[in-house]
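Presented below is the structure to which this report refers.
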Amino acid sequence: MAPPVSPGPAPSALPDDPFAASCGAFLTETLDLIRRQRAHSGAAAPIAPVDPAAALAVLRDQVLPCTACGLHATRTNVVFGAGSPTAGLVIIGEAPGRDEDLQGEPFVGRSGQLLTKILGAIGFAREDVFICNILKCRPPENRDPLPPEVAACEPHLKKQLAILQPRAICCLGRVAAQTLLNTDAPLGKLRRTVHFYQDIPVLVTYHPAYLLRNPSAKRDTWDDVRKLRALYDALGGEGTS
């Protein structure tokens, strides 16, 4: 069953921080949009697996030998994803990088270290969310994923989301957002509002790798993730604080 939509706690902010007012308006508009989305779709929530951990383990075993696209020839490891099988929040990135390919875990390099700090700043530990990518194998030289690669790998992500059934999703960067939401809208536009994957609310922000190259975007990202936390709480989620 879809989680109830409640007002949620007021976001914390400094006295001179305009975020509180903007986030309050965002929550009011977003929760109303979620109610209307669910009423319009009329779809019953999918039945969750009795044991999501076991279901993810089975899916992982199916994905590890994948040869559906040419990336299997250059990968060191398949990077399936990591985190809690009962996570209420799923973080989706673009594709593994060099460190991730070597270790077989998502977001373990410099971008991953920054992501861990970002999550911690809004009260989440990595082990309490589920982190994955659009692609499970590293593209050579960290280039953008090619359409055939996305087409081959996207079913794996959809199966992960069907098992996890999170309360909310956060897409990191243009490729993740455009792929999940099936749009060609630019990142700047996608960041401005809530979207839906099926009936699950989706928020979009910058990829940590972009923030490492463009530190000036960290302020916008901080506002994005505080809105994410406020929405998650309003939907009845529980984090580590």
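Net length available on complete extension from Thr86 to Asn142 is 17.1 nm, with 0.36 nm assigned per residue and the Cα-Cα distance removed. Projecting the Cα atoms of Ala230, Val204, Gln165 onto the charge dipole of the chain, computed from C-beta unit charges around the Cα centre, puts Val204 farthest toward the positive end.
Over 20 Å apart at the Cα level, from the set Lys117/Lys227; Lys158/Lys218; Lys189/Lys218; Lys136/Lys189, are Lys158/Lys218; Lys136/Lys189. Partners of Lys159 within straight-line reach, counting aspartates and glutamates whose Cα lies under 15 Å from its Cα and excluding those fewer than 8 residues away in the same chain: Asp51, Asp61.
Here the 3J(HN,Hα) profile of the stretch 151-166, calculated from phi with Karplus coefficients 6.51, -1.76 and 1.60 at θ = phi - 60°, is 4, 6, 9, 4, x, 5, 5, 4, 5, 4, 5, 5, 6, 6, 6, x Hz, Gly and Pro shown as x.
Net charge dipole, the chain: roughly 280 debye, given to the nearest 20, about the Cα centre with Cβ charges of +1 for Lys and Arg and -1 for Asp and Glu. The length gained by stretching the chain between Arg38 and Leu102 to full extension, at 0.36 nm per residue less their Cα-Cα distance, is 18.9 nm. Farthest towards the positive end of the charge dipole of the chain, among the residues Leu64, Gln178, Leu114, is the Cα of Gln178, using unit charges on the Cβ of Lys, Arg, Asp and Glu. Measuring between their Cα centroids, the stretch 115-136 and the stretch 175-241 lie 12 Å from each other. If you take all other residues with their beta carbon under 14 Å from the beta carbon of Leu157, and give Lys and Arg +1 and Asp and Glu -1, the sum is +1.
Bear in mind these aren't lab numbers, they're just calculated from the coordinates by the rules spelled out. Everything numeric here is computed off the predicted structure, so don't read it as measured data. Cβ sites come from the backbone with ideal geometry, for glycine too, and all protein chains shown count toward neighbours.
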